[in-house]
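Working notes, beginning with the structure itself.
What follows draws every value from the coordinates through simple rules; no lab data is involved. Worth saying up front: this structure is predicted, and the values here are computed from it rather than measured. Here Cβ is always computed from backbone atoms with ideal geometry, including for glycine, and neighbour counts include all displayed protein chains.
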Amino acid sequence: QVRLVESGGGLVQTGGSLRLSCTTSGFLASITVVGWYRQAPGKQRELVARIRRGDVTEYADSVKGRCTISRENTENTVYLQMNILKPEDTAVYYCGAGRDPRGVDYWGKGTLVTVSS
């Protein structure tokens, strides 16, 4: 079993920055990818960014150039640095981990990001 705990969400003004953290624990040897996903009210959950073994990263077009995903292996933590935030970035952000490089087998409970205009 893998446990994911998100933190770092909050209220920020347009143009501001936030850094989200996802702390992982449990049987991590089976995990090949950890990603950040978001779900806005009335919309489907979507990929924001993910990082695979070897630190291969992938970003949604909507956040390219504004967000950076990274990890600190000694802390088993994956970060999402978000800059130049926009109101359309408002959503609940979830951390997801998968055994398959493009799948998600475990989810955190999410952290709310609200960007005010």
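Computed about the Cα centre, the dipole magnitude for the range 51-117 is approximately 60 debye when only Lys and Arg (+1) and Asp and Glu (-1) carry charge, each at its Cβ.
Relative to 2.2 N^0.38 Å, what does the C-alpha radius of gyration of the range 36-81 come to as a ratio? Two decimals please.
On the way: Rg = 11.6 Å, N = 46, 2.2 N^0.38 = 9.4 Å.
Rg over 2.2 N^0.38 Å, computed on Cα atoms: 1.23.
What you get for the chain, charging only the Cβ of Lys and Arg (+1) and of Asp and Glu (-1), is a dipole of about 100 debye around the Cα centre.
Tally Lys and Arg at +1 and Asp and Glu at -1 over the other residues with C-beta under 11 Å from the C-beta of Gly98: what net charge comes out? Local charge sum for Gly98: +2. Normalised by the number of residues in the chain, the average gap of Cα pairs under 8 Å and 6 or more apart makes the relative contact order 37 percent. Taking the inverse of the mean 1/r over every pair of distinct Cα atoms in the chain gives a Kirkwood hydrodynamic radius of 14.0 Å. Listed as lacking a disulfide-compatible partner in the chain: Cys67, by the criterion of no other cysteine Cβ under 4.7 Å.
Normalised by the number of residues in the range 66-117, the average gap of Cα pairs under 8 Å and 6 or more apart makes the relative contact order 31 percent.
Under a Cβ-Cβ cut-off of 12 Å, what is the net charge of the residues other than Arg52 that fall near it, where Lys and Arg count +1 and Asp and Glu count -1? Don't skip to the answer; put the middle values down first.
Details: positive: Arg50, Arg53, Arg71, Arg99, Arg102; negative: Asp55, Glu58, Asp100.
So the surrounding residues net to +2.
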